[in-house]
Every structure is written in structure tokens, then in C-alpha cells.
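Engineer: Dumping the structure here so I can ask a few things about it.
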Amino acid sequence: MKKTLLRYAVGMCIFSHEAFSQEIFTVDHMKHYLTEENPYIYTAVGQQYIDAARIQSAEGGFDTKLSVAYDQKEYPISTGEFSDISFSKPTENGTEFIVGYRRAEGIQEYNNIKTGSEGELRVGVKVPVFSLLNDMNERKYTLEAAKINATRSAFESQNNLRNLYTHIVTSYYQLLYYSEVLKLEKKLLHKATKRNRFIEKRVSSGDLADVAILESKQQIINREQRVLTTKNNYSQALQLFLNYLNLSKKEFELRYVLPSLKMLKSEKILFQNAITQALTHRPDIKVLDSQRTKLDLDTTYNSVSAYPKLNLFAYGVHDIQYGEGIKVGLQFDIPLERRSYKGKMIEIQKGMSQIEEEKHRLLLELKTNLSNLIYSLDIINQNIELGEKETKIVETLEEAENKKYEVGSSDLFQINQREIRTLEVKKKQLEYYLNALVIQQEIKKEMGESMTL
């Protein structure tokens, strides 16, 4: 007997410890699980890391390069040997510097180079004139484009998080709603089982006919079915929400309890403040701004195509055997029709027009959505106030019906109708709370609110 009591006491201590160690799960708790280790989160932001890595790839265009060449020939009427090792370093303005060593013996058909037996040192520079004047060249364009794309990708990731976060918070509110409805249904069932004991006593004393027990049991079965249906809805809502958190049901229930939906109060949001914050924080607007920046870069790069391709180069050599020398040259190339330049300009102009119209459309939709959402939230808050008054009325009517039943001036049908009506009014009130919170979250989404990783 003592062992049994001890075991019972230990069990109660463990139960009490677990119960008191549970936290009320709030929106803030989500941030502990919505990290980059979460597959939903990484899927939303993963592309930005790929695009960020492409910046380093583009920076490779400015890497110092080592070039090695060797050529040996023995033709019937000519022989020759050529070796060259050099370093080249391109700069951001397009200029390229070269330094190296080479040695050539015999006849070199392709480059007309002949050096002393000890070879020569070479230093040179290549200058793309119009690229230098316009401060734009292919390497610089590639790098700047990669940076802009990485910035745009980061904003797109924020936009993905904005949408995902709203979806997750909404699923959290829906879970709280089903949790509250389940409590109501269980309470409704408890009323029926409690009343059944009262009916059994009255039937055994002869105050009620036997059929009253059958009616009571039928009512209990109906309410048990309602509880099972609601349990299923709650279980599905819980599993959906836990999927987003990448958390097991067992671990969640061990660590957390859900708050009442009514504990979460809606906020007062002013239209003008919402618009101002949206223009500052909306990542999809910033995506459009990044696209515009990219087109500005395309315009600068394309402007180089309006000029001829003119490269100046100069090389100074020091032949270890024969002394110094210099070579100067130029390359000139121009497309006469310039269709590539003109076509690209039209493409850029059309792209800019499209972005401006897209931004204009987005702002119109933003103002309309915020106006409708704020108005809807105001109406729902009014319904919540009316719902509280209606709840008090139906609870009073239900209590009065129960008193009438106890004195024999009512029946189970009337009691059932009153209790069901009370439950439906309370469910409707919960729906108002749910809709208020969901709309509030939609407003925050329109304002550009998201989570930070």
C-alpha cells in the first residue's frame, strides 16, 4: 500500500512538473523554428544565396591570369621554337596590363618575332578607348549586373517570406479557432452526460417515462459525433501548422499549450500610416526598383555600342641580348547599321515602361486592398461587440430553459435547441475573432511586414 501511494505521489510530481513547465505558444515562439534549417524557409530564400555566389564568379573576370605558350616546328624548309610566359591583369576601367618573358628562335610565321638567345622581357598595356571614356566594359557590366541580381533576389526572398509568414500565422489562428471550438463541443457533451444522470434518477423514481433515457442517450451520441468531427478538424489544423514549424506533435504538446483565441487582440491601424509603411517596406516594390536599376545599367553598357570599338595597345620590350624596343598599335571595329545598339535601346525603353506601369498597378492594388481590409476589420470589430451582447442573451435564455426543465415545464428538445443555439452563437463569435486576426495579418502583409532570419 505504501509503495502504491509512493508511486502515485511520484507520478503526480512528474505530471505537475510537466504541466508547469509548458509555455503558452505565441506568434513569437514561431521564430525559434522558422530558421534556415526549416525546409519551408530555405526553399523561400535559397535562391538569394545562389545569386550572391554569382558575384564572386563575376569578380573572376578581374583575376590575374597566367598564360604559357610553347611552339616547336621542324618543317622541310624552316625550323623554329617559341616559348612565352606572361601575366595579365584587367582593371575595372577596362584597361589591361601585361608583363612577361618570351624567347623565339628560327622563323615564326604567325607573329614575326625573333629574340636573342636569352629572350626578352615584355611589358604592355591595352586600352579600350570608348569603354574607358564611358566608364563601362564587359567585365564591369557582368559584375555590376551580378550585384543587382543578388540585391533583387534578396528582395524576392523577403517577399517570399512575407507571403509564407502570413500563411503560417493564419494557420496558427485557425488552429486556435478549432481548439476553442473543440472545447465548446466537449462542454456541450458534458452538459448532456451530466443531465443524463439527472434523468436516470427521475426515471427510477417514476417522475419521467423510460423513453426520456432513450432521448437523452440519443442526444449524447449526437454530441459525441460532433466532438469527433471537431477533433478531426483540430488534428488536421495542428498537423498543418506543425509541418510549417518542422516540429513533431509529441514535442509540441510536451512543451507548449495553446492560448485562447480571445486573448489575441486586434490592433487599430490607420490607412495613411499603412500606406506610408508599405511604400517603405514592401519588398516587391523594391524588386521593381532593382529591375529599373538593372535597365539603367543596360543603358550605360549599351551606350558603348554607339561608338566604334577602338583599342590602343603599346608594348615595351627589353631583349637581354639586343636592348629595348617598343610596339604601338590600334584595333578599330564598327558595325555600320548599328541595329544591335538601336534594338537594345528600344528593348530597354519598353522594359522601363513596363516596370513603371507594373509599379503603378501595384500601388493602385495596394491602396484598394488596404482600404478594403481596414474597413472590413472595423466592421468585424463592431460585430464582436454585438456578439458579446448576443452571447450574454443566449446564455441567459439557456439558463432559464434549464430551470424550466428542472421543474417539468420544458423538455429535452427545447433544452437541446437552446444549448445548440448558445454554441452556435459562441462559434460565430470565435469566427469573428478569427477573421479579425486574419485580416489584421493580411494588412500587415500588405504593409510589407515579414520575419527576419
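The values are calculated or read from the model by the stated rules, or taken from the named source; none is laboratory data. These numbers were taken from a predicted model, which means no experiment stands behind them. Note: ideal-geometry Cβ built from the backbone for every residue, glycine included; neighbour counts use all protein chains shown. The area values use the complete protein model at the heavy-atom level, side chains included, leaving out ligands, DNA and RNA. Shrake-Rupley method; radii C 1.70, N 1.55, O 1.52, S 1.80 Å.
Engineer: Which residue pairs have Cβ atoms closer than 9 Å, lie 6 or more positions apart in sequence or on different chains, and pair a first residue in the range 339-365 that is farther than 22 Å from THR276 by Cβ with a second residue that is not in a helix (DSSP H, G or I)?
Structural biologist: TYR341/PRO335
Engineer: Of (1) touching a residue at least 24 places away in the same chain (Cβ under 8 Å); (2) in a helix (DSSP H, G or I); (3) not aliphatic (A, V, I, L, M), GLU267 satisfies all except one. Which?
Structural biologist: Unmet for GLU267, out of (1) touching a residue at least 24 places away in the same chain (Cβ under 8 Å); (2) in a helix (DSSP H, G or I); (3) not aliphatic (A, V, I, L, M): (2).
Engineer: Name the residue, out of LYS367, LYS404, LYS426, that is open to solvent by less than 60 Å² (accessible area, probe 1.4 Å) and either out of contact with any His (no Cβ under 9 Å at 6 or more places or on another chain) or more than 30 Å from PRO39 (Cα to Cα) (or both).
Structural biologist: LYS426
Engineer: Only one of TYR177, TYR141 is part of a helix (DSSP H, G or I), open to solvent by 30 Å² or more (accessible area, probe 1.4 Å) and of a type outside the set (Val, Ile, Thr). Can you tell me which?
Structural biologist: On inspection, the qualifying residue turns out to be TYR141.
Engineer: Could you please find all residues in the range 285-307 being under 10 Å from THR151 (Cβ atoms) and basic (Lys, Arg)?
Structural biologist: LYS286, LYS294
Engineer: For the range 238-266, name all the residues that are charged (D, E, K, R) and exposed (fewer than 11 other Cβ atoms within 10 Å of the Cβ).
Structural biologist: The answer is LYS250, LYS265.
Engineer: Residue check, SER86 against (1) part of a strand (DSSP E or B); (2) modelled with pLDDT of 90 or more; (3) open to solvent by 50 Å² or more (accessible area, probe 1.4 Å), all met but one. Which one?
Structural biologist: (3)
Engineer: Take the residues in the range 136-182 that are among the charged types (D, E, K, R) and closer than 30 Å to SER57 by Cα; name whichever of them is modelled with the lowest pLDDT.
Structural biologist: Out of the qualifying residues, it is GLU138.
Engineer: Taking the range 339-364, which residues are open to solvent by 90 Å² or more (accessible area, probe 1.4 Å), over 30 Å from the mean Cα position of the chain (by Cα) and of a type outside the set (Gly, Ala, Ser)?
Structural biologist: ARG339, LYS342, ILE346, GLU347, GLN349
Engineer: Give me the residue from the range 370-394 that is open to solvent by less than 30 Å² (accessible area, probe 1.4 Å) and either outside any helix (DSSP H, G or I) or hydrophobic (A, V, I, L, M, F, W, C) (or both) and, out of that set, farthest from LYS445 (Cα to Cα).
Structural biologist: VAL394
Engineer: Output the residue which, of all residues in the range 308-331 that are surrounded by 14 or more Cβ atoms within 10 Å (Cβ to Cβ) and hydrophobic (A, V, I, L, M, F, W, C), is farthest from ILE113 (Cα to Cα).
Structural biologist: Once the filter is applied, the top-ranked residue is LEU310.
Engineer: Being out of contact with any helix residue (DSSP H, G or I) (no Cβ under 6 Å at 6 or more places or on another chain), closer than 30 Å to ASN383 by Cα and of a type in the set (D, E, K, R) narrows it down to one residue among LYS265, LYS217, LYS250; which is it?
Structural biologist: Step by step, each of LYS265, LYS217, LYS250 is checked, and only LYS265 is out of contact with any helix residue (DSSP H, G or I) (no Cβ under 6 Å at 6 or more places or on another chain), closer than 30 Å to ASN383 by Cα and of a type in the set (D, E, K, R).
Engineer: A further question follows. Scanning the range 154-172 for residues that are open to solvent by 20 Å² or more (accessible area, probe 1.4 Å) and over 8 Å from the mean Cα position of the chain (by Cα), which turns out farthest from LYS286 (Cα to Cα)?
Structural biologist: That would be THR170.
Engineer: Which pairs have Cβ atoms under 7 Å, sit 6 or more apart or on different chains, and link a residue in the range 26-47 that is closer than 22 Å to MET263 by Cα and aliphatic (A, V, I, L, M) to one that is open to solvent by less than 70 Å² (accessible area, probe 1.4 Å) and assigned to a helix (DSSP H, G or I)?
Structural biologist: VAL27/VAL169; VAL27/TYR172; MET30/ILE168; MET30/LEU245
Engineer: In the range 92-126, how many are open to solvent by 40 Å² or more (accessible area, probe 1.4 Å), out of contact with any Asp or Glu (no Cβ under 7 Å at 6 or more places or on another chain) and outside any strand (DSSP E or B)?
Structural biologist: 9
Engineer: Determine whether the range 195-209 contains at least one residue that is open to solvent by 70 Å² or more (accessible area, probe 1.4 Å), among the charged types (D, E, K, R), at pLDDT 90 or above and under 30 Å from TYR70 (Cβ atoms).
Structural biologist: No.
Engineer: So GLY387 clears everything in (1) in contact (Cβ under 8 Å) with a residue 24 or more places away in the chain; (2) out of contact with any Phe, Trp or Tyr (no Cβ under 7 Å at 6 or more places or on another chain) except one condition, right? Which one?
Structural biologist: If we test GLY387 against (1) in contact (Cβ under 8 Å) with a residue 24 or more places away in the chain; (2) out of contact with any Phe, Trp or Tyr (no Cβ under 7 Å at 6 or more places or on another chain), just (2) comes out false.
Engineer: With respect to ILE334, is the statement that it is loosely packed, with under 12 Cβ neighbours inside 10 Å, within 30 Å of GLY316 (Cα to Cα) and not aromatic (Phe, Trp, Tyr) true?
Structural biologist: Taking the combined requirement at face value, the residue satisfies it.
Engineer: For the range 169-198, name all the residues that are of a type in the set (Val, Ile, Thr) and touching a residue at least 60 places away in the same chain (Cβ under 8 Å).
Structural biologist: VAL169, THR170, VAL181, listed by residue number.
Engineer: While we're here: Would you be able to say whether some residue in the range 283-290 is touching a His at 6+ places or on another chain (Cβ under 7 Å), of a type in the set (D, E, K, R) and surrounded by fewer than 16 Cβ atoms within 10 Å (Cβ to Cβ)?
Structural biologist: The answer is no, given that none of the residues of the range 283-290 is touching a His at 6+ places or on another chain (Cβ under 7 Å), of a type in the set (D, E, K, R) and surrounded by fewer than 16 Cβ atoms within 10 Å (Cβ to Cβ).
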